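Shown next, in structure tokens, is the structure this report addresses.
The values are calculated or read from the model by the stated rules, or taken from the named source; none is laboratory data. Just so you know, these numbers come straight off a predicted model, no measurement behind them. Cβ placement follows ideal geometry from the backbone for every residue including glycine, while neighbour counts extend to all protein chains displayed. The protein model used for the area step is the full one, side chains on, heavy atoms only, and it has no ligands, DNA or RNA in it. Shrake-Rupley method; radii C 1.70, N 1.55, O 1.52, S 1.80 Å.
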Amino acid sequence: MPEYKKVGYLTTDFKMFHLKDEEMRSFHYHYHDFHKILILLNGDVTYCIEGRSYDLKKNDIVLVHAGEVHKPVIHSDAVYDRIIIYVSPDFLTAYRDSDSDLSLCFQKAYEEKSHVLRVHSFGNSRLGAITKDLDASLADSDFAHELHHKLLFLEFLIQLNRAAGHNKIEFIETSASSEKILSILNYLNEHLTESISIDDLSSRFYLSRYYLMHTFKEQTGYSIGSYLSTKRLLLAKELILSGKPITDVCYECGFKNYSTFSRAYKKCFGESPRDLRQSTFNH
């Protein structure tokens, strides 16, 4: 059985849910090949993302970049109430120009090395108001309700990015994390396309093989090998969509031969690399 898996599918520009768990439940590590925004409305929750953990407060906004492995940890029977939004990276790219970039909030979060945004006076802010309107629009069935929902979502993104740009948002620090594991995660992401072995990592970070593998699995929920493989496959998908030849992608992403790459890709995404190429460029 895989230690973590891709969850959810997105066939539209974005998709929104308002979910409420009345009973305490557990979640497994998972990832998406689209961006995720979570707004906590209520709950006793720690959110774990890529080796970092955040103790959330009401109205915190969690930004999870495509491919980042994450899970919430629920600590009590308090109702876990949240809004979740899936966003296509292509959707954000389509609205990028010299005057606006709707992915700015994700970029700033990356620069601040934080995934959680805390908006001061959220309830009295324009961002808080538009979030309420966006949530209410889920039940709207009036004339042009889908278009209205999309317009509200665009305003939500604009207000979120304005707040980030005007420093009205606090990028909160992790509540618990291992600096050593964070350093290893950063190293792995910066050297995805290179040959990396457990022995190399053990030597570089002055850790025994056992301690390295055990601690990485304990604090992130997955093995180093699985983590590397998934990150390489996500990178491969991006490169194929950019038009790069599939064989070149295979070797550039650290795979030794095409058959191994193709099998792993199909297991991960449910289609072969050639299927993706044909569906993307043969319209």
With Cys250 itself left out, Lys, Arg at +1 and Asp, Glu at -1 over residues whose Cβ is under 11 Å from its Cβ give +1
Quick note, region 158-265: a/c under 1.5 would make it rounded; otherwise a/b > b/c is prolate and the rest oblate (a ≥ b ≥ c, C-alpha gyration tensor); here it is oblate
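Can you send over the carbon and sulfur percentage of the accessible area for the chain, probe radius 1.4 Å, protein chains only?
On the way: 7390 of 15080 Å².
Heavy-atom surface of the chain belonging to carbon and sulfur, 1.4 Å probe: 49 percent.
Compute the Cα gyration tensor for region 120-169, then decide on rounded, prolate or oblate, letting a ≥ b ≥ c be the square roots of its eigenvalues: rounded whenever a/c is under 1.5, prolate when a/b is larger than b/c in the other cases, and oblate in all that remain. Could the numbers behind the result be given before it?
Values: a/c = 4.68, a/b = 2.06, b/c = 2.27.
Taking the square roots of the gyration eigenvalues as a ≥ b ≥ c, region 120-169 is oblate.
Do you know the relative contact order of the chain, to the nearest whole percent, from alpha carbon pairs under 8 angstrom that are 6+ apart?
This gives 17 percent for the chain.
How big is Rg to Rh over region 214-259, alpha-carbon atoms, Rh as the Kirkwood inverse-mean-distance radius? Present the calculation step by step, with values, prior to reporting the outcome.
Numbers: Rg = 12.9 Å, Rh = 11.6 Å.
Here Rg/Rh amounts to 1.11.
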Of the candidates Leu41, Thr247, Val116, the farthest towards the positive dipole end of the chain (Lys/Arg Cβ +1, Asp/Glu Cβ -1, centred on the Cα centre) is Thr247
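Over the chain, with the other protein chains present, what is the accessible area per residue in square angstrom, probe 1.4 angstrom? Before the final figure, lay out the partial values.
Details: 15080 Å² over 283 residues.
Result: 53 Å² per residue.
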Largest fluctuation, Leu160, Leu228, Leu147 only, Gaussian network model of the chain with Cα springs under 10 angstrom, belongs to Leu147
Taking max minus min of the Cα coordinates of region 25-83 on each principal axis, largest first, gives extents in Å of 30, 20, 17
Residue-normalised 222 nm signal for the chain, counting each DSSP H run of n ≥ 4 as -39,500 (n - 2.57), nearest 500 deg cm²/dmol, is -13000 deg cm²/dmol
The aspartates and glutamates whose Cα lies under 16 Å from the Cα of Lys256, excluding any fewer than 8 residues away in the same chain, are Glu194, Asp248
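Which pairs, out of Lys113/Lys217; Lys36/Lys57; Lys36/Lys132, put more than 23 Å between their alpha-carbon atoms? All intermediate terms of the calculation are to be shown ahead of the outcome.
Values: Lys113/Lys217 21 Å; Lys36/Lys57 18 Å; Lys36/Lys132 18 Å.
Beyond 23 Å between Cα atoms: no listed pair.
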Note: the chain, point scatterers on Cα, Debye, no solvent; log10 I/I(0) at q = 0.10 Å⁻¹ equals -0.59
Any helix of the chain counts here only if DSSP assigns it H throughout, its Cα atoms span 18 Å or more along the axis, and its mean Kyte-Doolittle hydropathy is at least -1.0, and such helices are 145-165, 224-241
quick shape note, region 110-222: Cα extents on principal axes in Å, largest first -> 62, 28, 23
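Indicate the gyration tensor shape class of region 49-174 (rounded, prolate or oblate), computed on the Cα atoms with a ≥ b ≥ c the square roots of the eigenvalues: a/c under 1.5 is rounded; otherwise a/b larger than b/c is prolate and the rest oblate.
Values: a/c = 1.56, a/b = 1.20, b/c = 1.30.
Since a/c reaches 1.5 but b/c is at least a/b, the shape of region 49-174 is classed as oblate.
Can you give the relative contact order of region 121-261 as a percent, counting alpha carbon pairs under 8 Å and 6+ residues apart?
Values: 71 pairs, mean separation 22.3, N = 141.
Over region 121-261, the number comes to 16 percent.
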